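Structure, as structure tokens:
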Amino acid sequence: MNNRRIVLASRPTGLPVPENFRVEEAPIPEPGEGQVLLENQVFAIDPAVRGMLDDVKSYLPSVPLGGLIPTMVLGRVVKSRNPGFREGDYGRAFIGWETHSVIAPGAVGFENVRVAADLPLTAYMGACGWSGITAYVGLKRFGEMRSGDEVLMSAAAGAVGSVGGQIARLSGCRVVGTVGSEDKARIVTGTLGMHGAINYRACDSLDAEIARHFPDGIDLYFDNVGGITLDTVLPRMKPFGRIPVCGMIANYNHQTDPYRLRNIWQVLVNRITMRGFLAYEALDMLHEAENALADWVRTGQLIATENVATGLDAAPGAFIRLMAGETTGKTLVRLDETVSTLAGWTPPGHG
Ligand SMILES: NC(=O)c1ccc[n+]([C@@H]2O[C@H](COP(=O)([O-])OP(=O)(O)OC[C@H]3O[C@@H](n4cnc5c(N)ncnc54)[C@H](OP(=O)(O)O)[C@@H]3O)[C@@H](O)[C@H]2O)c1
């Protein structure tokens, strides 16, 4: 058996197309001292990867032409030369779209994940994985969330936003989400229990909608999108409001010509604390976040949502749908149909 992997065939212009990707085969690599070999089970499909496909500076290196498409993977350990992993354990790390991965200590997010039998495997790549962890540390540490905060969550039906909005609600905040469709608005206020939703594509004035939902202003804006949404939010922040900057997906498909903010002066007017963060740099909160998220999901207090494609070859299509705004919840690829998902799963005791 070979390692099948997807590499960058050409750099996308705007929204990626299938021709930007190519499947290659190579021998399955052998782990060296301290390394493990994973048979991958699930890939996370992440917007930040779009930035790495351009030849511009990002917080992770740009992918060279012919290079493996990077992603977070969860795989079963099939060979270990690392005392922290045994065969049959589940390893998670930032590697790429491939069927088998050798992981070395020091890889981003490298962790022996304690997979519980009562949660589907895909949950460890969405609400109980890095999307959930990002929302948790972003709100609690970088957003300094307090009970009673008035919170606006952008991309609220997406992987990070859907979890973040629920964490804010569970923490005693009033939370409204911005979304790009009426279906997503219904999910945000219905399934996910947020207090309101703004469909930024359908409203006449985003500013008026924000003012209607937040007549006294916003304490905490969790920014997943940047662009015109961030620009519109800045004047609507309360004095000393907080903006943890998680991502700016509105610019990812055209990074060479990003939206130019007009209202940045409002950071001073409202004395806003605006702070970019990378979740994997808050490792001291990792186990706290993982435990809280798994407990909330297991007890049915937090609804995990996902959309799962099957098979390595499905990865480019899933990524293109994500970058076109067509997905809801965490976008994932499972390598085969035996991998358990949230479909048909209910929290123990809630069936
Ligand atoms: N800092 C970190 O450590 C970290 C970790 C993970 C993710 N992130 C960032 O978090 C953000 C969300 O990631 P995710 O994985 O949860 O993705 P996601 O929300 O599941 O998917 C992306 C969503 O963004 C929205 N979107 C797309 N284009 C947009 C545009 N031009 N303007 C406004 N919204 C747009 C779409 O939702 P609508 O249809 O509702 O617009 C789309 O469904 C991304 O910016 C990502 O880079 C950061």
Give the residue that is nearest to Q41 (Cα to Cα), with candidates limited to residues of segment 311-351 that are surrounded by 15 or more Cβ atoms within 10 Å (Cβ to Cβ) and among the hydroxyl-bearing types (S, T, Y). S340
Among the residues listed as H254, H287, the single one being surrounded by fewer than 16 Cβ atoms within 10 Å (Cβ to Cβ) and closer than 25 Å to R22 by Cα: H254
Kindly provide the set of residues from segment 295-342 that are touching a residue at least 24 places away in the same chain (Cβ under 8 Å), among the hydroxyl-bearing types (S, T, Y) and away from the ligand (no atom under 15 Å from the Cβ), ordered by number. T299, T310, S340, T341
For segment 1-105, give me every one of the strands (runs of 3 or more DSSP E) that falls completely inside it and has 3 or more residues that are within 16 Å of the ligand (Cβ to nearest atom) and surrounded by 13 or more Cβ atoms within 10 Å (Cβ to Cβ). 36-44, 72-80, 90-94
Could you identify the single residue in R146, R169 that is away from the ligand (no atom under 14 Å from the Cβ), within 24 Å of G300 (Cα to Cα) and part of a loop (DSSP other than H, G, I, E, B)? R146
Please find, among A159, A197, the residue that is within 17 Å of S131 (Cβ to Cβ) and either within 11 Å of the ligand (Cβ to nearest atom) or modelled with pLDDT under 95 (or both). A159
A123: passes all of (1) surrounded by 23 or more Cβ atoms within 10 Å (Cβ to Cβ); (2) farther than 17 Å from F43 by Cα but (2)
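The values are calculated or read from the model by the stated rules, or taken from the named source; none is laboratory data. Since the structure is predicted, the reported quantities are computational estimates derived from the model, not experimental observations. Positions of Cβ are backbone-derived with ideal geometry, glycine not excepted, and every protein chain shown enters the neighbour counts.
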